[in-house]
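Each value in this text was obtained by applying a stated rule to the coordinates, not by laboratory testing. Since we're looking at a predicted model, the values are computed, not measured. All Cβ positions, glycine included, derive from the backbone under ideal geometry; neighbour counts span all protein chains shown.
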Amino acid sequence: MAFRKSEKVVLIGNSHAAVAVIETLRREGFQGHLTLVSEEKLPVFSPTALPYLFGGREKGSRCLRPVEFYHGLSVIQEKAVSIDPDRSQVILESGAKLHYDRLVLATGASAAPVVLDAASGDQALTLRRAPDLERIEKRAKRSRKILILGGGLIGLHLAKVLSGKGKEVLVLELKDQILPGLVHRELSGLLIDHYEREGIRIRLGSSIKRIHDHEAVLSSGESVGADLVLAAVGIRPNVEIVRETNVAVREGILVNERMETSVNRVYGCGDVAECRDFFTGRSRLNPNVISAAEQGKRAAESIMGKGEPHPGVISINTFRCMGWNLFSLGRFEPDTGDQMLEELSEETGSFKRLVFREGTMKGMLLLNCPADGGVYYNLIRRQVPLRGMEERIFGDPLRWGKRLAQKRI
Amino acid sequence: MGEAAGAKENMIQNHTIQRDETKCIGCRGCEVACSLAHQAPYRLDRSNVTGARFESETLFSVCRHCEQPECLLVCPVGAIHRSSAGIVKIDSRTCVGCGICAAACPLAGIRIHPEKADKCDLCGGNPLCVALCPEGALQYQDQTSMSLGWKRSEDLISPGVSSCLGCNAELALRFVLRILGRNTILAIPPGCMGGVGVVGFGMTTGARVPVFFPLLDNIASMLSGVKREYSRKGVDVNVVAFAGDGGTADVGFQCLSAAAERGENIIYICYDNEGYMNTGFQRSGTTPLGAWTSTTPVGRTGSGKKQRSKNLPLIMAAHEIPYAATACMSYPADFERKLRKAMAVKDGLAYIHLLTPCPTGWRFPSEKGIEIGRLAVETGFFPLWEMERDVYRFTVDIEELKPVEELLKSMGKYRHLKKGQIDSIRESLVKRIGMIRSLAERTEN
């Protein structure tokens, strides 16, 4: 449907995907009216940035975008509670109704809650938004022993930060490895050893049973001291806004390759959106910053009737584990017929694994092995033919990355 | 295959450090210069530029200061900014070193040294790597000063010529003369640019250089004589034809072909608006397949031109002249380079085939000319390439061609096309690109 100049676009959410929508609309010469609805106070902070800001004084300069960024668009600082696609309306918490010609849902996700005490409903603290950070900072000050539930990116990042503040940290992970989905079991073992050496204890296949008076009982029956319990056991897409509408939802809001939901003129992007997987074609969430920005861009292009379809989401993560650099990309677990090249160097503490299928890149795992990740991400996305070069690329991923980025093959 | 993971759509770069591959010896001098300018001296691992020997050749890699940088979009702490001058910078005080920018950059422009991300900041507009390159292989290209340079050069066409609103050919003619300068003799045959008054009325002309009005069928012959006369006198002057596609591909082709074969030292620029546009949009030899013109009407029996266009630039290149190229005003820096190469040719004919989208005849809004030219290049409809002494190469390498429908639907002359016709247009353009590609690969090997 062609875009009319007088159209009113309403954007719900204000994180990476939403910012990408705004920037892309501006670039594409959007001349309609854009309204941003978000309950978060301006300026906002990226959930990804929060662990880095822990205990820091000058948080303000590390906001996602300065307040001036929002000049020229209407900002409504209020929660949008539901939508009415039949009447093309967004309903705000105050009861006010907002008309839209096109609606972009970039509501993001919330931290999955962990109830510590069923009777009182007491929950472990989670970190997703700026106020959570203040709360955790305040509580952490008064705590010595900290229990972290979840050995994923946020859990381990918090563990590093708190251990750096002299806290005694224990991480509990329910699965049999840390960073599930980001690394394979072997690398997980290597990383756990590294964390333990740095004074962070990690317990696998373990969870908390109950907590009482600074004493936590684990699933193993063991009891450990815990002045504070933090939970980072995953996120839940904020889909409440489309409940009781025709917008199709599985885990997240289902979107197609143009970021359109099942309802006409309603788009979804970012952590709330469930998009086709690049490899399997099945829809899934892909909560990360790069994917969110990309989807926001596509949604805006789609509104303007431009751009190409989204090729599907690919996992991409970069993480610093106590001074070690980890990069995880695509499908690094080989399927039958895939070519896998792997090397572990004990002395330098580095590991690399590259997976190819029929001469194209599929996945990559790098530990302490410098390389320009974005190049490899694009080699996958664009299915650049690399047949016959696999071994050479594996030999020097840093320089090959630079070469592939700058030159024709 | 274009650049592997390289130049993406919308990544127009205003400022770039360009390297001449033929001059680079991979000495890492640029890396030394960069570390000298930014970090502890001689810490090559801290350099923001890579210029080294690699796999039997030389490697060069540096941030390209994209117009819509991916790094800026993904930075979770808003530490990356693009200045109004177009320089993309990382504020190291704000950066938390998460590395996400480097994972998002498709062009290997960002380096994470342990605590922070770092990248080229163009040394604030005077890059030291360029200044210190011992081989002079690096060049700093600053689009702002480049376009200011064009603006400051003299406009040799008088104001108020009567071309249509948004005429791309007029823009191109002014541009050509800004580059070629006053030492130029111009021949403009009947056609749009002749018609709008550049060749003059009565005793005056519309150009500040000598301008001839040859017949449609003797343009190149006439210029051959003019050039020979000046050569005989020992005067070096640019003798230039600025002729439409009708005068070039159809009516004047025999004399052009002969002049090319005789090795006459003239610059022949064909502005191709794909038809006889000043006389009422009749078809010409370069009107593309399927296009509406007044002589290939659309109706019950007709559906646009039934034949393919002549591949005129390739025909001219096949004359084995010293220089042949395609160009478009949507890529002015590219066009300027080609004009300068054409000017440097002293031993034969230099031919430039210039696509000039015509708002009146192609039926598109008058402000869209540049966009449509760009689309024509990005869809592969009009690839930009050059042939320099039998060496073919693409000068603007489009890695992933946009669907040709994007171009076709942007103007009225293709509005009637059916799927089958679009398919044969696509087929034909893929074939033509493949032809240039194979010529380029032949010379590469």
**Message:** Using a 10 Å cut-off around each Cβ of peptide B:107-115, what is the average number of partner chain Cβ atoms that fall inside?
**Reply:** 5
**Message:** Inside 10 Å of the C-beta atoms of A:364-376, what's the mean count of C-beta atoms belonging to other chains?
**Reply:** 5
**Zone of B:Asp423's modelled label, taken as backbone nitrogen in the stretch B:263-299 under 13 Å from a point 7 Å along Cα→Cβ** = none
**Prompt:** Using 7 Å Cα-to-Cβ label points, what is the A:Leu42/A:Arg26 separation (nm, one decimal)?
**Reply:** 1.2
**Asked** In vacuo Debye scattering of the stretch A:130-262, one point per C-alpha: log10 I(q)/I(0) at q = 0.11, 0.13, 0.18, 0.23 Å⁻¹?
**Response** -0.50, -0.65, -0.97, -1.33
**Request:** Output the peptides B:201-209, A:361-369 sorted from most to least packed, where packing is the average of other Cβ atoms within 10 Å over each peptide's residues.
**Result:** A:361-369, B:201-209
**Message:** Compute, for the protein assembly as shown, the length of the dipole vector about the Cα centre, with Cβ point charges of +1 (Lys, Arg) and -1 (Asp, Glu) only. Units Debye, rounded to 20.
**Reply:** 1240
**Request:** Answer with one residue from B:Pro210, B:Val404, B:Ile157: the one whose Cα lies farthest towards the positive end of the charge dipole of the stretch B:154-444, charges on Cβ with Lys, Arg +1 and Asp, Glu -1.
**Result:** B:Val404
**Message:** Need one value for A:381-392: mean number of C-beta atoms belonging to other chains within 10 Å of its residues' C-beta atoms.
**Reply:** 2
**Peptides ranked, highest mean first, by Cβ atoms within 10 Å: ranges B:63-75, A:128-140, B:263-275** = B:263-275, B:63-75, A:128-140
**Asked** What is the distance, in nm, between label points placed 7 Å from the Cα along the Cα-to-Cβ direction at B:Ser147 and at A:Glu222?
**Response** 6.5
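Report the gain in length on full extension from A:Arg243 to A:Gln77: 0.36 nm times residue separation, minus Cα-Cα distance, nm rounded to one decimal. List each step's numbers first, then the result.
Working: separation 166, 0.36 × 166 = 59.76 nm, distance 2.15 nm.
Contour length minus the Cα-Cα distance gives 57.6 nm.
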**Prompt:** Could you give the angle, 0 to 90 degrees to the nearest 10, between helix B:219-233's Cα long axis and the longest principal axis of the Cα atoms of chain B?
**Reply:** 70
**Asked** What does the charge dipole of chain A about its Cα centre add up to, to the nearest 20 debye, if the Cβ of each Lys and Arg holds +1 and the Cβ of each Asp and Glu holds -1?
**Response** 980
**Asked** Hey, if you put +1 on the Cβ of every Lys and Arg and -1 on every Asp and Glu Cβ in chain A, which of A:Phe332, A:Leu162, A:Leu92 ends up farthest toward the positive end of that dipole?
**Response** A:Leu92
**Prompt:** Tell me, what are the semi-axes, in whole angstrom and largest first, of the equivalent ellipsoid of chain A as set by the roots of 5 times the Cα gyration tensor eigenvalues?
**Reply:** 35, 31, 18
**Item:** Rounded to 10°, Cα long-axis angle of helix B:29-38 versus longest principal axis of chain B
**Value:** 60
**Prompt:** Once label points are set 7 Å from the Cα along Cα→Cβ at both A:Thr280 and A:Glu251, what is their separation, rounded to one decimal in nm?
**Reply:** 0.9
**Request:** Could you pull out every whole DSSP H run in chain A that spans at least 20 Å of Cα extent along its own axis and averages 1.6 or higher on the Kyte-Doolittle scale?
**Result:** none
**Complete:** Ranked on Cβ counts within 10 Å of their own Cβ, fewest leading, B:Ser366, B:Ser221, B:Ser47, B:Ser84 go B:Ser84, B:Ser366, B:Ser221, B:Ser47
**Fill in**
Nearest 10, in degrees from 0 to 90: the angle of helix B:253-262 to the longest Cα principal axis of chain B is 60
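Provide the gained length on full extension for the span B:Gln254 to B:Ser162, in nm with one decimal, where the gain is 0.36 nm per separating residue minus the Cα-Cα distance.
Details: separation 92, 0.36 × 92 = 33.12 nm, distance 3.02 nm.
Answer, rounded to one decimal: 30.1 nm.
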**Item:** Mean ellipticity per residue at 222 nm, deg cm²/dmol - from DSSP H runs of n ≥ 4 across the protein assembly as shown, formula -39500 (n - 2.57)
**Value:** -8000 deg cm²/dmol
**Message:** I need the phi-derived Karplus couplings for the stretch A:351-366: 6.51 cos²θ - 1.76 cosθ + 1.60, θ = phi - 60°, integer Hz, Gly and Pro marked x.
**Reply:** 9, 9, 9, 10, 10, 10, 9, 6, x, 10, 6, 10, x, 7, 9, 10
**Item:** Most to least packed among B:287-294, A:148-155, A:24-31 [average Cβ atoms within 10 Å]
**Value:** A:148-155, B:287-294, A:24-31
**Asked** So what is the relative contact order for the stretch B:176-272, in percent, with contacts set as C-alpha pairs under 8 Å and at least six apart?
**Response** 32
**Request:** Place +1 on the Cβ of every Lys and Arg and -1 on the Cβ of every Asp and Glu in the stretch B:278-386, take the dipole about the Cα centre, and give the residue among B:Leu349, B:Trp292, B:Met316 whose Cα lies farthest towards its positive end.
**Result:** B:Trp292
**Asked** Counting Lys and Arg as +1 and Asp and Glu as -1, each charge on the Cβ, what is the dipole of the stretch B:244-296 about the Cα centre in debye, to the nearest 20?
**Response** 80
